[in-house]
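Student: Attaching a single structure in structure tokens format; questions to follow.
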Amino acid sequence: MSERMIWLLIYAVPVIAICGPLANFLVIGFWRVDGSSMVADFSLANYVTFFTNPTYKTVLIKTMYLAAEVALVSIVIGYSIAYFVWKCPRAAHYPLLVMSTIPLLMSYIIKLYAIRSILGFDGFLNSLLVAIGILDHPSTIFLFNQTAILIAMSIVYLPFAILPVYLTLERIPESLLHASSDLGASAWQTFRYVVLPSSLPGTVVGGMFSYILALGDFVTPQMVGGVQGFTFGRVIWSQFGMAFDWPFGAAMSTVLLFLSLIVIGIAGKIVKKAENI
Amino acid sequence: MSWRERSVHVFLGIVTAVTFSILYAPIVLVCVLSFFPISLHKVDWGTFSIDAYVQLFENADIFHALGNTLIVGLSTVVATLVIGTTLAWRACRKGGRASQIVEFAIFLPFLLPPIITGLSLLTFFQQIGIDRTLVTVTIGHILFVLALVYRMLLNRLKVLGTSIIEASQDLGASGWQTFRYVVFPGLRPAVVTSAVLAFALSFDETLITVFLSGGEQTLPIRLWAMIRVGFSQDINALVTLILTSSIAMTVFAAMMFRGRKMAGGSAT
């Protein structure tokens, strides 16, 4: 066997391990379920159900909206933090970046559990608000609704946006900033016309990460969303648990897959365009 | 800095401080609570105790799950390092179409929502008749972290440059010798950093694992199941211990990474 053949075999393993299951999955979306077993015949029934039943469409649109909110929070706050770090004295950059990365490595489940107990009726937030006199008595509005999901997801996914932004800010040559101010640009003009366009790729990548993660998350809505908090990820998840309709679940995940690919594609385009300028 | 720039800086500093305290609050809460008993949903701030830690060491169930997590994590690290190094080494010397296809494929599980990777593997394993064990969990984790390890190693290889490889080959070294004596020493910091990151990601992976673990559960899955029925104090203790070690690990990886950056910087 030639060396080339060996390499092609080595290449084939990860490609098959990733694309095989994905392809298999696309096919199952066209199957149907009979009792508790899957029947392999081709029909568009799952997709028809999905796109004609307003319940599913509403959940999808609501989830896309929720994910956009999470991405927006991540971008605005993530950018602010990255920009702050970048403007700090050089020696402070590294410790601050490590500090913003550590939350990513804290247990996801435990974070959600703790957020739930902070937001809950007996929780820290209620005690604080009652203690400083904003509330007369503890409120239930913080937990088990869409707002709780938004808060929890923002806390969990925000750190993903800090590092990508910082990395693009750091690549801006100092000479460019000096040139801009030497030519008489104000601090705001330098930010608007030099810094912001140069850091666009990192911002888009950070936003993409939190958008896609929020879109497919099914544990956060289950933990802090209660009965009201249904998101698309949770609906898919329930098809593989309680409802036990794998083909329908596969069809819905296919929708999620294409949605994510579109988002990745758009982000990729923006990054490419920004880097060519 | 003008006063206006300075006030923007101070404002962003406040935003950063507030955000950091919100990001850290959940975990700090868990750590603090691990030292105080809870009765009737109220924390008894008067009594400091390490009972939770004593209880923890009697909880065989948790330690079993922790053991599973460590097995999966270490296997994932070894496998991704071997596969990642092989692919990056090839991609660095011979780019081309095949490399690009592989690169695209291994980035999918990293970029797509974890639920898609988890579900596609679940249905795939079920179809070809493979039972769900720690092996299926490990396969899921390998596919998930491979992109990160590959990318970090490839970046490092690119920094090292091709000239030393060519020099080594001109002097008559074989491909393996070049890798072993010329490339690997320069690659080592990236290997350590990516190993730590891969382990950390695998250790906490929940959204893929939940589809792939059968009877043998990993720690996050076990914790999730426990939270649904109610939470005992010893979990707080466990989380405190894990958090302490993961922070130590992160700081270690960060220091390795910085060492590598400085070494790279002084060489150029």
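Student: If A:Asp34 meets every condition in (1) loosely packed, with under 11 Cβ neighbours inside 10 Å; (2) within 23 Å of B:Gln100 (Cβ to Cβ) apart from one, which number is that one?
Tutor: Here A:Asp34 clears every test but (2).
Student: May I ask you to list the residues in the range A:215-250 that are aliphatic (A, V, I, L, M) and either crowded, with 20+ Cβ neighbours inside 10 Å or at pLDDT 90 or above (or both)?
Tutor: A:Leu215, A:Val219, A:Met223, A:Val224, A:Val235, A:Ile236, A:Ala250 - these are the residues of the range A:215-250 that are aliphatic (A, V, I, L, M) and either crowded, with 20+ Cβ neighbours inside 10 Å or at pLDDT 90 or above (or both).
Student: Among the residues of the range A:220-245, write down those that are in contact (Cβ under 8 Å) with a residue 24 or more places away in the chain, closer than 19 Å to A:Arg32 by Cβ and away from chain B (no Cβ under 12 Å).
Tutor: Within the range A:220-245, A:Phe244, A:Asp245 meet the criteria.
Student: If you don't mind, another one. Select from the range B:71-104 the residues that are polar (S, T, N, Q) and either free of Cβ contacts under 8 Å to residues at least 12 places away in the same chain or within 11 Å of another protein chain (Cβ to nearest Cβ) (or both) and list them in ascending order.
Tutor: Passing the criteria: B:Thr80, B:Thr86, B:Ser99, B:Gln100.
Student: Then there's this: Of everything in the range A:1-55, what is among the basic types (Lys, Arg) and away from chain B (no Cβ under 14 Å)? Give them in sequence order.
Tutor: A:Arg32
Student: While we're here: Which one of these does A:Leu143 not meet: (1) more than 30 Å from B:Thr209 (Cβ to Cβ); (2) of a type outside the set (Val, Ile, Thr); (3) touching a Lys or Arg at 6+ places or on another chain (Cβ under 7 Å)?
Tutor: Failed condition: (1).
Student: Would you say B:Ala147 is assigned to a helix (DSSP H, G or I) and either under 17 Å from B:Gly73 (Cα atoms) or not assigned by TED's automatic domain parsing to the domain that holds B:Thr206 (or both)?
Tutor: Yes; evaluated as a whole, the condition is true for this residue.
Student: Another one. On the given criteria, is A:Ile262 without any contact (Cβ under 8 Å) to a residue 40 or more places away in the chain, outside any helix (DSSP H, G or I) and surrounded by fewer than 20 Cβ atoms within 10 Å (Cβ to Cβ)?
Tutor: No, not satisfied.
Student: With B:Phe124, B:Phe35, B:Phe48 as the choices, which residue is within 12 Å of another protein chain (Cβ to nearest Cβ) and hydrophobic (A, V, I, L, M, F, W, C)?
Tutor: B:Phe124
Student: Just give me the residues in the range B:110-153 being closer than 28 Å to A:Phe232 by Cβ, touching a residue at least 40 places away in the same chain (Cβ under 8 Å), crowded, with 24+ Cβ neighbours inside 10 Å and among the aliphatic types (A, V, I, L, M), in sequence order.
Tutor: Those that are closer than 28 Å to A:Phe232 by Cβ, touching a residue at least 40 places away in the same chain (Cβ under 8 Å), crowded, with 24+ Cβ neighbours inside 10 Å and among the aliphatic types (A, V, I, L, M): B:Ile115, B:Leu119, B:Leu121, B:Val137, B:Ile142, B:Val145, B:Leu146.
Student: Could you please find all residues in the range B:56-68 being surrounded by 15 or more Cβ atoms within 10 Å (Cβ to Cβ) and either assigned to a helix (DSSP H, G or I) or not assigned by TED's automatic domain parsing to the domain that holds B:Ser202 (or both)?
Tutor: Once the filter is applied, which keeps residues that are surrounded by 15 or more Cβ atoms within 10 Å (Cβ to Cβ) and either assigned to a helix (DSSP H, G or I) or not assigned by TED's automatic domain parsing to the domain that holds B:Ser202 (or both), the range B:56-68 yields B:Leu56, B:Ile62, B:Ala65, B:Leu66, B:Asn68.
Student: Let me ask something else about it. Would a scan of the range A:203-219 turn up a residue that is under 27 Å from A:Tyr79 (Cα atoms) and without any contact (Cβ under 8 Å) to a residue 40 or more places away in the chain?
Tutor: yes
Student: Could you identify the single residue in B:Leu70, B:Leu23, B:Leu81, B:Leu66 that is modelled with pLDDT of 85 or more and either touching a Pro at 6+ places or on another chain (Cβ under 7 Å) or charged (D, E, K, R) (or both)?
Tutor: B:Leu23
Student: A follow-up question, please. Mind counting the residues in the range B:241-252 that are facing another protein chain (nearest Cβ under 9 Å) and within 15 Å of B:Val196 (Cβ to Cβ)?
Tutor: 6
Student: Same structure again: Taking the condition touching a residue at least 24 places away in the same chain (Cβ under 8 Å), within 11 Å of chain A (Cβ to nearest Cβ) and among the β-branched types (Val, Ile, Thr), does B:Val30 pass?
Tutor: So B:Val30 passes the test.
To keep it simple, each residue is scored yes or no on (1) under 24 Å from the mean Cα position of the chain (by Cα); (2) of a type in the set (Val, Ile, Thr); (3) part of a loop (DSSP other than H, G, I, E, B); (4) on the phi < 0 side of the Ramachandran plot.
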site	(1), (2), (3), (4)
A:Arg4	no, no, no, yes
A:Ile16	no, yes, no, yes
A:Gly20	no, no, no, yes
A:Phe42	no, no, yes, yes
A:Val48	no, yes, no, yes
A:Thr55	yes, yes, no, yes
A:Ile61	yes, yes, no, yes
A:Met64	yes, no, no, yes
A:Ala67	yes, no, no, yes
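Student: If A:Phe248 satisfies every condition in (1) in a helix (DSSP H, G or I); (2) over 22 Å from A:Phe160 (Cα atoms); (3) within 14 Å of chain B (Cβ to nearest Cβ); (4) free of Cβ contacts under 8 Å to residues at least 60 places away in the same chain but one, which is the exception?
Tutor: (4)
Student: Being more than 20 Å from B:Phe252 (Cβ to Cβ) and touching a residue at least 40 places away in the same chain (Cβ under 8 Å) is the filter here; which residues of the range B:154-198 pass it?
Tutor: B:Leu154, B:Leu157, B:Lys158, B:Val159, B:Thr162, B:Ile165, B:Phe179, B:Val183
Student: Okay, moving on. Please work out if B:Pro113 is within 10 Å of another protein chain (Cβ to nearest Cβ), within 30 Å of A:Met5 (Cβ to Cβ) and in contact with a Ser or Thr (Cβ under 7 Å, 6 or more places away or on another chain).
Tutor: no
Student: If we scan the range B:100-114, do we find a residue that is in contact with a helix residue (DSSP H, G or I) (Cβ under 8 Å, 6 or more places away or on another chain) and in a loop (DSSP other than H, G, I, E, B)?
Tutor: yes
Student: For B:Ile71, state whether it is under 22 Å from the mean Cα position of the chain (by Cα) and crowded, with 18+ Cβ neighbours inside 10 Å.
Tutor: When the stated conditions are applied, B:Ile71 does not pass them.
The values are calculated or read from the model by the stated rules, or taken from the named source; none is laboratory data. From a predicted model like this one, the values you see are computed outputs, not experimental measurements. Reconstructed Cβ throughout: ideal geometry from the backbone, glycine too, with neighbour counts over all protein chains shown.
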